[in-house]
Amino acid sequence: QVELVESGGGLVQAGGSLRLSCAASGRTFSSNIMGWFRQAPGKEREFVAGISRSGGGIYYADSVKGRFAISSDNPKNTVDLQMNSLKPEDTAVYYCAAGKGVIVYTASRGYDYWGQGTQVTVSS
């Protein structure tokens, strides 16, 4: 079992920045790929960014490319999401996810463990 705890959400004005952090504990060797997803009210959960901790790549959704950056600190078992140039449409609950795979999956079924989520609200 892997436990994931997100932090760093909040309210920010459009154009601002936030940094989300996800701390993994437990059987962290089962969390080679880690990702961030988000879900806005009335919408499906969508992939935002993912990283393979074994060097299998980093991937971003087209909607966040050039604005968001994902990074991991393997000794600390954390993964961060730096979000810049935020837009109102980035408003959502952001979820950290972890999976056993080698390559980054953009589908939620590729992840085995999920955090509780953290709210990000971008005002216009």
Original post:
How long is the gain from Gln116 to Ser17 if the chain were fully straight, where each residue apart is worth 0.36 nm and the alpha carbon distance is subtracted?
Top reply: 33.5 nm
Original post:
Residue by residue through the range 53-63, which ³J(HN,Hα) values in whole Hz follow from phi under the Karplus form 6.51 cos²θ - 1.76 cosθ + 1.60 (θ = phi - 60°), with glycine and proline marked x?
Top reply: 6, 9, x, x, x, 10, 9, 10, 5, 4, 5
Original post:
Relative contact order (percent) for the chain, with alpha-carbon contacts under 8 angstrom and 6 or more residues of separation?
Top reply: 37 percent
**OP:** Run the accessible area of the range 2-124 with a 1.4 Å probe and give the carbon-and-sulfur part as a rounded percent.
**Re:** 49 percent
Original post:
Between Arg109 and Ser123, what length comes free when the chain is fully extended (0.36 nm per residue of separation minus the Cα-Cα distance, one decimal in nm)?
Top reply: 1.9 nm
Original post:
Rg (Å, one decimal) plus Dmax (Å, integer) for the alpha carbons of the range 22-124?
Top reply: 12.9, 41
Original post:
Just how many pairs of Lys in the chain have C-alpha atoms closer than 24 Å, counting pairs that are eight or more places apart or on different chains?
Top reply: 4
**OP:** Would you kindly state how much longer the chain becomes between Ser7 and Ile58 on full extension, computed as 0.36 nm times their sequence separation minus their alpha carbon distance, in nm to one decimal?
**Re:** 16.3 nm
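The values are calculated or read from the model by the stated rules, or taken from the named source; none is laboratory data. Since this is a predicted model, take the numbers as computed values, not measurements. Note: accessible area is taken over every heavy atom of the protein model, side chains too, but ligands, DNA and RNA are not part of it. Shrake-Rupley method; radii C 1.70, N 1.55, O 1.52, S 1.80 Å.
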